[in-house]
Amino acid sequence: MVTRNSEVHIPAKKALVVDTTGAGDVYAAGFLAGYLDGGTLEVCGEIASAAAALSVSGYGRDSYPDERFLRRYARELL
């Protein structure tokens, strides 16, 4: 991620990839969930990366993270 004043590198989480459909949307949703909870860019990126990794581990929406996952993951990082 790049802002006007900084650059933050968030590595992708390792995942067994089954289906990549929607992974970018899930990444964005994870990032926004962290942002709305007051996370830093680094925390938002970590949440987004974890959410996207989970989303590719199954077919379609079956493995998309839910609100409980996002909030629990955010609490661990905040």
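Worth a mention:
- In region 35-65, residue nearest to the chain's Cα centre (by Cα) [restricted to those that are of a type in the set (D, E, K, R) and at pLDDT 90 or above]: E46
- Of all residues in region 9-46 being in contact (Cβ under 8 Å) with a residue 12 or more places away in the chain and of a type in the set (D, E), the one that is farthest from A74 (Cα to Cα): D19
- Breaking point among (1) hydrophobic (A, V, I, L, M, F, W, C); (2) touching an Asp or Glu at 6+ places or on another chain (Cβ under 8 Å); (3) surrounded by fewer than 20 Cβ atoms within 10 Å (Cβ to Cβ), for L36: (2)
- Test: I10 is of a type outside the set (S, T, N, Q), assigned to a loop (DSSP other than H, G, I, E, B) and crowded, with 16+ Cβ neighbours inside 10 Å: yes
- Qualifying residue in region 15-29 (condition: within 13 Å of M1 (Cβ to Cβ), assigned to a helix (DSSP H, G or I) and at pLDDT 95 or above): yes
- Filter result (surrounded by fewer than 17 Cβ atoms within 10 Å (Cβ to Cβ), assigned to a helix (DSSP H, G or I) and touching a helix residue (DSSP H, G or I) at 6+ places or on another chain (Cβ under 9 Å)) within region 39-62: E42, R61
The values are calculated or read from the model by the stated rules, or taken from the named source; none is laboratory data. Fair warning: this is a prediction, and the values are worked out from it, not measured in the lab. Neighbour counts run over all protein chains shown; Cβ positions are idealised from the backbone, glycine included.
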